[in-house]
Amino acid sequence: MLVSYKWLQDYVDVSDISPEELAEKITRSGIEVEEVEKKGEKLKKIVVGHVLSCEEHPNSDHLKICQVDVGEEEPIQIICGAPNVAAGQKVIVALVGARIGGNIKIKRGKIRGEVSNGMICSLQELGFDGKVVPKEYADGIFVLPEDTQVGTDVFSLLNLDDAVLELSITANRADCMSMIGVAYETAAIFGKEVKLPAANVPVSEEKVSDYISVRSESDDCPIYTAKVIKNVKIGPSPLWLQNKLMAAGIRPHNNVVDITNYVLLEYGQPLHAFDYDRFGSKEVLVRKAYEGEKMVTLDGTERTLRQEDLVITNGKEPVALAGVMGGLDSEVRDDTTTVLLESAYFNGTSIRRTSRYHGLRSEASSRYERGIDPTRVRLAAERAAALIAELAGGEVLEGTVAHDELVVEPVTVKVELNKINNFLGTSLSLQEVEDIVKKLQFTYTLDNETFVIEIPSRRWDITIQEDMYEEIARLYGYDNIPTTLPEGQQTLGHLTPYQQKRRVVREVLEGAGLLQATTYSLTSKEKFGQFALQPAEPVELAMPMSEEHAILRDTVIPHLLDSIAYNRARKNADVGLFEIGKVYYGKGANVQPEEVEHLAGALTGLYVNHPWQGEKVTVDFYTVKGILETLFARLQLAQGIRYEKAEIDGMHPGQTAKVLLNDEVVGFLGKVHPTREKEYDVKNVFVFELDLGKLLNIESKSLTYTKIPKFPGITRDVAIVVDQGKSAGELKDIIVSAGGQLLKDVNVFDVYIGEKVEENKKSVAFTLRYSDTERTLTDDEVNQVHEKVVEALQNAGAELRM
Amino acid sequence: MKERLEELKLEALAKIESSQDLKQLNEVRVAYLGKKGPITEVLRGMGKLAPEERPVIGALANDVRAAIQEQIEAKQKVLEEQVIAEKLQKESIDITLPGRPVVQGNHHPLTKVIEEAENLFIGLGYTIAEGPEVETDYYNFEALNLPKDHPARDMQDSFYISEELLLRTHTSPMQARTMEKHEGKGPVKIIVPGKVYRRDDDDATHSHQFMQIEGLVVDEGIRMSDLKGTLALFAKKMFGEDRDIRYRPSFFPFTEPSVEIDISCKICNGDGCNVCKGTGWIEILGGGMVHPNVLRMSGFDPEKYTGFAFGIGVERIAMLRYGIDDIRHFYTNDVRFLKQFAPYES
Ligand SMILES: [Zn+2]
């Protein structure tokens, strides 16, 4: 809502308050003022000129040479390119030395050889938005009324000395979508009086009921009133009216239409003027449209209506889309002489649906949507009729025809002083509260310390005591409310075990050098299902904004690969990322999907890079496995973890393993398949993805100290040659089961494939550590056990390597 | 013989003194103190002496031997130190060369902000609640006093999945979910960090996905001043003790009264600049007293209980705090961006 400071003066005296102070106070008490615009501040030396003559420029086919009287001794010569410039016009002239919109300075100059001592201006050149400039002047200079005094300053003439406050009106404060509403708000803040406009309609002999009848068939139109004004002369509005509309962001059209908009801005009550002679009948019927019924709206578009659209009809066909836009056929035109003036109350929800469906938003619809004050329906109509009589020479027929079935229940709200103070944490006195209620101009009764407040219909947002608390708090000043902390029952703040362990997961991965990433939950249909261990039911958006974000992800890796690619394109070659985020498994239509938190990572490039000492370690399968092993150890899960070679879509078949926890698959790790890497424009990326819930929801045991062994152990190495397909894990299992109690630790210390062993064979060497916590072992004891181990390996096909 | 011994002593001491290294010194030791050395030889010839002279010469010989021994040890210490010094000299390195890197990752900046908030509120007795991102229309809107066709639904244009399901547009649905769990009994004290989604085209200041932290306190006797105090604590924790805070009335359907909080602009210190659009103030969060309809719908008696709620945009906080100019940085994961948030900050 754009509020002209000068216009506001009509309803409340703000002459002692600067526009800036007004803006600040309004903001602090509830309605954010986003901007205070002062057009005139950026302009100077702009006056009214009279075009005495206008001739063709000899060196141009579109420029004119004008002699312009600007109130000085001699007329000045100005070259003008506007198509509508003509002799006899009163125009806006920027003199030499003037500054116009866009901070442009006007200098003496020559245009194609002819002297030009100024500039004839369009409104846009003074900083007006092209959308509010009257259509006839939209592509040329603005022509002032004939009786305008030559040489005078245009500032007050065009209200350039005004300040316009841009109010950002929240859904609850629709009462401030009118000048009178803003005036009440201003009055409440500053403790001032509100002056309401008068509507003195001259009495006519003829009765409106002889001209028109009204009827509503729909509950969505509880009030419909009509007035008729005869002998109207359509023409431009006076400049003061045009100025006010333009300041409010509305384009002037003609006097009748401008008056309906003026009163809409003044009262917040939308009005519509029909050409009575083109209305098509003597009956207004408001009803729901028939499915598929057609009408052409004012903007020239043919609309196909739906059953839920509310329409104004002439008893036969629609003449207006109720509360949204009028019809083209019955529009007020230059030759209109009799005006049918509509002022009505439509249901906001119905208007909102129609407005959204047809993609049509208007000043009227935006007000109906948020609600209007039903008591202003008739007031506004009277005011507009009076103005039409005054400014368009019309004769207002006696009376108003109306359909009125709205029952307005009076709203009273009861508030008690101690409850107010308990709620706000204040210690307001009865007097302070009473002063605030008075400033709001609400009537009330006071019994002891209880106020019973009658809420006026203009503040339909206030219905319960909490609404009144807000009124009191905001006018008292939020900044004046004390700052305290809750005092009640103490509570223990804490993280859940899951949340604590999730922090540990981050700690471990970051300690291992990975950066935490965040990617989008929405992905493309193409990426959905990639790297999934099992197929999931998709969760798709009904109306996606793009193909990239059309469906909820079921795995995290695809977006991490995108992040790797993004870095690769920017020459960040060594990247290690992890993400903790949800994936989503559909559970059927209208059922909330299962949301599972995953931990995923992607690494590429060098893991260790210490060049001058020649240390470079490239990320490989074992880098990732090592990180996960560290993580599992930290989470007390190492005992239950197993790896199984796996073939997973999009993964390298020889370098991928499933991770099992207590025999349940919880995720996987490995190298991305080269074909998939190509799709993502990445190379040599190792990834992992784990179901975090399955890892973290296992209860962790508390730690108990284990005695440090007092007796040194004995180590034995064993080197064997086996088939290449035999995994170290299998061999280790054999060793462990043969080694019994005394065997405490087994570690691979060498793996060899090459010339020194047969083809398809490999050599694997283990170090075995034997010990007993209670005594020192003898060589004989150890030898006995170790022989069993060797035997078991040989039985499994291993050859002892000497 | 006496003279001979004195002579030997002087001779040995001179050789000790002139020894250049441990090897030479050892040769001296062997030469003078060894079993075949000259002192032993002198002693062997003692038989020729008169019996009363023998102890005198014997004592003298021992003195000489001890003196040489002492001198050798002293010299040995000097030479050993010299050897160590030379060795250390040779081992000297260029200490300006870079050390072996210990690569560490770090939190995403959004996590950094969230964890900081979590820690603050845990200290104030809150717990951390988490909830579904795919929400029902009921919890996302209706339970928050936003019935169907409420004009304020436009503020949060949303991604629907079906008629009844959508991606939550705020973390506020957890207000109702948490209150329902408490079955009408306070106190409730939670914060809810999480992802939310709105139909916005991604650009420098908009993102279809972003993060919020919701806060909710419901108990007997909760006052609006408690909301102010809590949010002031948060604002100062996030932006520093020296920031001024202002409270503006605002509107959210699920709170009444509602408030928006601005902090004084750090860049211009309140004088007005581009970042604060000339106002000197920057909006950081919104909140209010829980609307009685919301309390009632979630099973709390508004005559007995009051509460406050607030919502914080995590990206906004991080952008203001670190001077980040493009919200998309949070989601592209450029390592040169992410690594900037490694250092500890107070
Ligand atoms: Zn600033």
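Just how much of B:Lys236 is accessible, in Å², when a 1.4 Å probe is used and the result is rounded to the nearest 10?
Roll a 1.4 Å probe over it and B:Lys236 shows about 60 Å².
Go through segment A:749-756 residue by residue and turn each phi into a ³J(HN,Hα) via Karplus (6.51, -1.76, 1.60, θ = phi - 60°); whole Hz please, and just put x for glycine and proline.
Values per residue, Gly and Pro as x: 10, 7, 10, 9, 10, x, 4, 6 Hz.
For a Förster distance of 60 Å, can you work out the FRET efficiency between the beta-carbons of A:Leu406 and A:Val150, rounded to the nearest 0.05?
Efficiency at R0 = 60 Å is approximately 0.65.
Can you pull the mean other chain C-beta count within 10 Å for peptide A:461-471?
The per-residue average across the peptide is 4.
May I ask you to list the residues of segment B:30-44 whose amide nitrogen lies under 19 Å from a point 7 Å from Cα along the Cα→beta-carbon direction of B:Ala67?
From segment B:30-44, the list is B:30-34, B:37-44.
What FRET efficiency comes out for B:Val56 versus B:Ser92 if R0 is 45 angstrom and r is the Cβ-Cβ distance? Round to the nearest 0.05.
With R0 = 45 Å, the Cβ-Cβ based efficiency is 0.25.
If you plug each phi of segment A:88-96 into the Karplus form 6.51 cos²θ - 1.76 cosθ + 1.60 with θ = phi - 60°, what whole-Hz ³J(HN,Hα) values come out, in order, with x for Gly and Pro?
In residue order, the calculated couplings are x, 6, 8, 10, 8, 10, 8, 6, 4 Hz.
Separation of segment A:396-434 and segment B:141-203 by C-alpha centroid, Å?
30 Å
Near the amide H of A:Thr375, under 5 Å away, which other amide H atoms are found, from residues 5 or more places off or on another chain, if H is placed in the peptide plane?
Here nothing satisfies the definition.
Highest first, please rank the peptides B:34-41, A:737-744, B:188-195, A:619-626 by the mean number of other Cβ atoms sitting within 10 Å of their residues.
Final packing ranking: B:188-195, A:619-626, A:737-744, B:34-41.
Given the whole protein assembly as supplied and a 1.4 Å probe, what does the accessible area of A:Arg503 come to in Å², nearest 10?
Surface open to solvent at A:Arg503 totals about 50 Å².
Check which residues have an amide H placed less than 5 Å from A:Gly513's amide H, if you skip close sequence neighbours.
Here B:Gly105 satisfy the definition.
Does the protein assembly as shown come out rounded, prolate or oblate, given a ≥ b ≥ c as the square roots of the eigenvalues of its C-alpha gyration tensor, rounded meaning a/c under 1.5 and, failing that, prolate meaning a/b above b/c?
It is prolate, given that a/c is not under 1.5 and a/b is the larger ratio.
Can you give me the accessible area per residue for segment B:2-91, using a 1.4 Å probe, in Å²?
The answer is 69 Å² per residue.
Quick one: if the Förster radius is 56 Å, what FRET efficiency do B:Ala85 and A:Asn480 give, using the C-beta to C-beta distance and rounding to 0.05?
Between B:Ala85 and A:Asn480 the formula returns 0.15.
If you take the accessible area of A alone, add that of B alone, and subtract the area of the pair, what total do you get in Å², probe 1.4 Å, to the nearest 100?
The contact between B and A buries close to 7800 Å².
Just to make sure I understand: if all protein chains stay in place, what is the order of A:Arg361, B:Arg246 by accessible area at 1.4 Å, largest first?
Details: A:Arg361 150, B:Arg246 20 Å².
Largest accessible area first, the residues go A:Arg361, B:Arg246.
Please state the charge dipole magnitude for segment A:497-696, taken about the Cα centre, from unit charges on C-beta atoms (+1 on K and R, -1 on D and E), reported in debye and rounded to the nearest 20.
Details: 23 positive and 27 negative charges, 103 e Å.
Approximately 500 debye in magnitude.
Can you give the net charge of the other residues whose Cβ lies under 14 Å from the Cβ of A:Asp574, counting K and R as +1 and D and E as -1?
+4
Report the label-to-label distance for A:Lys38 and A:Ala796 in nanometres (one decimal), using points 7 Å from each Cα along the Cα→Cβ vector.
With each label placed 7 Å out from Cα toward Cβ, I get 8.9 nm.
So what's the back-of-envelope 222 nm ellipticity for chain B, counting only DSSP H runs of four-plus at -39500 (n - 2.57) apiece and dividing by all residues, rounded to 500?
The helix contribution divided over chain B gives -12500 deg cm²/dmol.
Using only the heavy atoms of the protein chains and a 1.4 Å probe, how would A:His253, B:His182 rank by accessible area, largest first?
A:His253, B:His182
Residues with beta-carbon under 11 Å from that of B:Thr111, excluding B:Thr111: net charge, scoring Lys, Arg +1 and Asp, Glu -1? Could you put the intermediate results ahead of the total?
Numbers: positive: A:Arg502, A:Arg503, A:Arg506, B:Lys112; negative: A:Glu510, A:Glu579, B:Glu115, B:Glu116, B:Glu118.
Its environment carries a net charge of -1.
Mind checking which aspartates and glutamates have their C-alpha under 19 Å from B:Lys77, skipping anything on the same chain fewer than 8 residues away?
Straight-distance partners of B:Lys77: B:Glu17, B:Asp21, B:Glu27, B:Glu86.
With a ≥ b ≥ c taken as the square roots of the eigenvalues of the C-alpha gyration tensor of segment A:497-696, please select rounded if a/c is under 1.5 and otherwise prolate if a/b is larger than b/c or oblate if it is not?
Taking the square roots of the gyration eigenvalues as a ≥ b ≥ c, segment A:497-696 is oblate.
For segment B:29-69, just say rounded, prolate or oblate: build the C-alpha gyration tensor, square-root its eigenvalues into a ≥ b ≥ c, call rounded for a/c under 1.5, and beyond that prolate if a/b exceeds b/c, oblate if not.
Oblate shape, in that a/c is at least 1.5 and b/c is the bigger or equal ratio.
Quick one: what are the phi-derived ³J(HN,Hα) couplings along segment B:119-127, Karplus 6.51/-1.76/1.60 with θ = phi - 60°, whole Hz, x for glycine and proline?
Once rounded to whole Hz, the list reads 5, 4, 6, 4, x, 8, x, 8, 10.
Using just the helices of chain A, give the 222 nm mean residue ellipticity in deg cm²/dmol: DSSP H runs with n ≥ 4 each add -39,500 (n - 2.57), and the total is spread over all residues, rounded to 500.
Per the formula, -7500 deg cm²/dmol.
Taking amide H atoms as placed 1.01 Å from N in the peptide plane, list the residues 5 or more away in sequence, or in a different chain, whose amide H sits under 5 Å from that of A:Asp13.
Result for A:Asp13 returns A:Glu193.
Gain in length, A:Tyr498 to A:Ser429, computed as 0.36 nm per residue apart minus the alpha-carbon separation, to one decimal in nm?
Full extension of this stretch gives 19.9 nm more.
Tell me the angle of helix B:2-18 to the major Cα principal axis of chain B, expressed in degrees between 0 and 90 and rounded to the nearest ten.
Result, in degrees: 30.
Go through A:Trp612, B:Trp281, A:Trp7, A:Trp460 and list them by solvent-accessible area, largest first, probe radius 1.4 Å.
Details: A:Trp612 120, B:Trp281 60, A:Trp7 5, A:Trp460 90 Å².
So the residues, ranked largest to smallest area, are A:Trp612, A:Trp460, B:Trp281, A:Trp7.
Determine the sum of side-chain charges near A:Leu165: Lys and Arg each +1, Asp and Glu each -1, restricted to other residues whose C-beta is under 9 angstrom from that of A:Leu165.
-4
The values are calculated or read from the model by the stated rules, or taken from the named source; none is laboratory data. Bear in mind that the values here come from a model prediction, so they are computed numbers and not experimental data. No Cβ is skipped: glycine too gets one built from the backbone with ideal geometry, and neighbour counts run over all protein chains shown. Keep in mind that these areas ignore ligands, DNA and RNA; they rest on the heavy atoms of the full protein, side chains included. Shrake-Rupley method; radii C 1.70, N 1.55, O 1.52, S 1.80 Å.
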